[in-house]
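Scroll down for the structure; my scribbles are underneath it.
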Amino acid sequence: MTDPASSARPVAKPIAIAIRYLAIIAGCACLLVTAICFAIACQVFIQTGVFAQSYVMVGLIGGVLGMLALKLASVWR
């Protein structure tokens with residue numbers, strides 16, 4: 001028989017909470033880097049007409065890593 005005073009949901013461990021918040025912070029930081037890289041690439045293209053492929057690639061990689069980190073944070077329990 002279970003104790004009615006016990007919660008149905010297990011208590012989250014502090015390490016799991018820390019990993020979740022670190023994943024959120026890392027994901028947001030990666031998405032911020034993505035936005036900055038795309039802004040720089042657009043500005044370079046507007047001013048010079050040259051496609052700044054390196055900034056776009058860094059932006060794409062940062063965007064993918066940011067989305068993966070945010071997905072990790074959402075499924076981490």
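The values are calculated or read from the model by the stated rules, or taken from the named source; none is laboratory data. Small disclaimer: the values here were computed from a predicted structure and weren't measured.
Points to keep in mind about this one:
- Lone qualifier among Ile61, Ile17 - being in a helix (DSSP H, G or I) and modelled with pLDDT of 95 or more: Ile61
- Flag for Phe51 being in a loop (DSSP other than H, G, I, E, B) and of a type outside the set (Asp, Glu): yes
- Residue tally, condition over 10 Å from the mean Cα position of the chain (by Cα) and either under 30 Å from Trp76 (Cα atoms) or among the aliphatic types (A, V, I, L, M) (or both), over the stretch 17-65: 24
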